[in-house]
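Input: a single structure, listed below in structure tokens.
The values are calculated or read from the model by the stated rules, or taken from the named source; none is laboratory data. Being a predicted model, the structure only gives us computed values, none of them experimental. For neighbour counting, all protein chains shown are included, and Cβ atoms are generated from backbone atoms with ideal geometry for every residue, glycine included. Keep in mind that these areas ignore ligands, DNA and RNA; they rest on the heavy atoms of the full protein, side chains included. Shrake-Rupley method; radii C 1.70, N 1.55, O 1.52, S 1.80 Å.
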Amino acid sequence: MGWIETESGGYAVTLDGTKVLCRNGAGRALKQVPAKLRDDAEVVRLRQLAEWLERHERECREQVDTWLVRSLPVPVALLARVWPDAAWQSALRDLVVAPVGADGAADMERAGFLRDADPAKGAGIVDLDGDSVRLECETVLIPHPVLLEDLDDLREFAVELGVEQGVEQLFRQVWRRPGEARGHDWQVYANGKFEQLRHATARAVSLGYRVRGGHAVCPLVEDGRALEAAFWLGDDYPEAESLTGPLEWRDKDGRRLPLAEVGPVAWSEGERMAALVYAGRVVGDDEEGRL
């Protein structure tokens, strides 16, 4: 975007990404927009545009993250349509994608880092041999990292390629269900103390989770099955002290699932939610170093 003259004082403004820049009449760039230009029509317009761009970028990342977490196949035609948009491209570029066949299964042997999406040519990737190829498929899967074999090797390869993912995939922390997991409740994150319940709920919301019925909730899809992970925060007064409770998983009808039935993606994302919220607890001297 070029420089736009303001209504006063010979100043000019422009937008650099989502930041409004200003220069004076002599052409010298200023560290910040002068206070007297706060209500200038052009400054207001650029700030509104910057706010929209920030919101758009956030919404693009959230949508792509949803595709990843819920293991939803994405039409290549859709990727091609949004690819020219810088915000969408930033969220999608360099994610590991795998072609989905007519039977609905993803071919992980042909996975690679997404580098292009074209209406005529399809999805372009750098495959795991380092070659640039085109995928001949109508849909692709953006696999959750817990589903990727040799994840550590993929991470090393990504570093070699200089990959920087706009949406956390390869370097997203994963949790795997222990073989000893039994019953319906996972108690590892229970008894985390918060001085006030509202501190726990605010932390959950700030991390992007919903709070419902005393639980932090993460909607999930595993093998096409709708699920949710629920982590108990408490249901007392917002100002009351609170202790976290168990983590559990439920089906769409609210039935609690036996831990042994929880799939790898649902387990990883549910435990990720609990761990992130639990990390904000009040840590006593006897807890230092835990989790």
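Observations
- The numbered conditions (1) open to solvent by 60 Å² or more (accessible area, probe 1.4 Å); (2) at pLDDT below 95; (3) touching a helix residue (DSSP H, G or I) at 6+ places or on another chain (Cβ under 8 Å) are all true for Arg290 except (3).
- Breaking point among (1) in contact (Cβ under 8 Å) with a residue 40 or more places away in the chain; (2) open to solvent by less than 40 Å² (accessible area, probe 1.4 Å), for Glu62: (2)
- Taking segment 239-254 as the range and being of a type in the set (D, E, K, R), modelled with pLDDT of 95 or more and out of contact with any strand residue (DSSP E or B) (no Cβ under 8 Å at 6 or more places or on another chain) as the test, only Glu239 passes.
- Number of residues in segment 91-127 that are open to solvent by 40 Å² or more (accessible area, probe 1.4 Å) and in contact with a helix residue (DSSP H, G or I) (Cβ under 7 Å, 6 or more places away or on another chain) equals 2.
- Flag for Gly284 being among the small types (Gly, Ala, Ser), open to solvent by less than 40 Å² (accessible area, probe 1.4 Å) and at positive phi: no
- Unmet requirement for Ala190, which otherwise passes all of (1) outside any loop (DSSP other than H, G, I, E, B); (2) free of Cβ contacts under 8 Å to residues at least 60 places away in the same chain: (1)
- Scope segment 167-226; condition under 17 Å from the mean Cα position of the chain (by Cα), farther than 28 Å from Gly284 by Cα and open to solvent by 70 Å² or more (accessible area, probe 1.4 Å); matching residues: Glu168, Phe171
- Looking at Leu148, Leu114, just one residue is at pLDDT below 95 and among the aliphatic types (A, V, I, L, M), and that residue is Leu148.
- Flag if Val277 is modelled with pLDDT under 95, open to solvent by less than 40 Å² (accessible area, probe 1.4 Å), hydrophobic (A, V, I, L, M, F, W, C) and within 19 Å of the chain's Cα centre (by Cα): no
- Pairs, first touching a residue at least 24 places away in the same chain (Cβ under 8 Å) and closer than 15 Å to Ala202 by Cα in segment 269-285, second surrounded by fewer than 22 Cβ atoms within 10 Å (Cβ to Cβ) and of a type in the set (Lys, Arg), C-beta under 6 Å, six or more apart: Val277/Arg203; Gly280/Arg203; Arg281/Lys193; Val282/Lys193
- Selection count where residues are of a type in the set (Val, Ile, Thr) and more than 9 Å from the chain's Cα centre (by Cα), scope segment 57-86: 3
- When Ala77 is tested against (1) at positive phi; (2) modelled with pLDDT of 95 or more; (3) surrounded by fewer than 19 Cβ atoms within 10 Å (Cβ to Cβ), only condition (1) is not met.
- Where helices (runs of 4 or more DSSP H) fall wholly inside segment 1-94, no range has 2 or more residues that are of a type in the set (Asp, Glu) and within 26 Å of Lys121 (Cβ to Cβ).
- Test: residue in segment 257-266 that is in contact (Cβ under 8 Å) with a residue 24 or more places away in the chain, of a type in the set (Val, Ile, Thr) and in contact with a strand residue (DSSP E or B) (Cβ under 8 Å, 6 or more places away or on another chain): yes
- Inter-residue pairs, beta-carbon under 9 Å, first at negative phi and in segment 170-185, second among the hydroxyl-bearing types (Ser, Thr, Tyr), 6+ apart: Arg172/Ser268; Gln173/Ser268; Val174/Ser268; Trp175/Ser268; Arg176/Ser268; Arg177/Ser268
- Of the residues screened, Ala87 is not one that is surrounded by fewer than 18 Cβ atoms within 10 Å (Cβ to Cβ), farther than 29 Å from Val262 by Cβ and touching a residue at least 12 places away in the same chain (Cβ under 8 Å).
- Among the criteria (1) without any contact (Cβ under 8 Å) to a residue 24 or more places away in the chain; (2) in contact with a Leu (Cβ under 6 Å, 6 or more places away or on another chain), the one Arg134 does not fulfil is (2).
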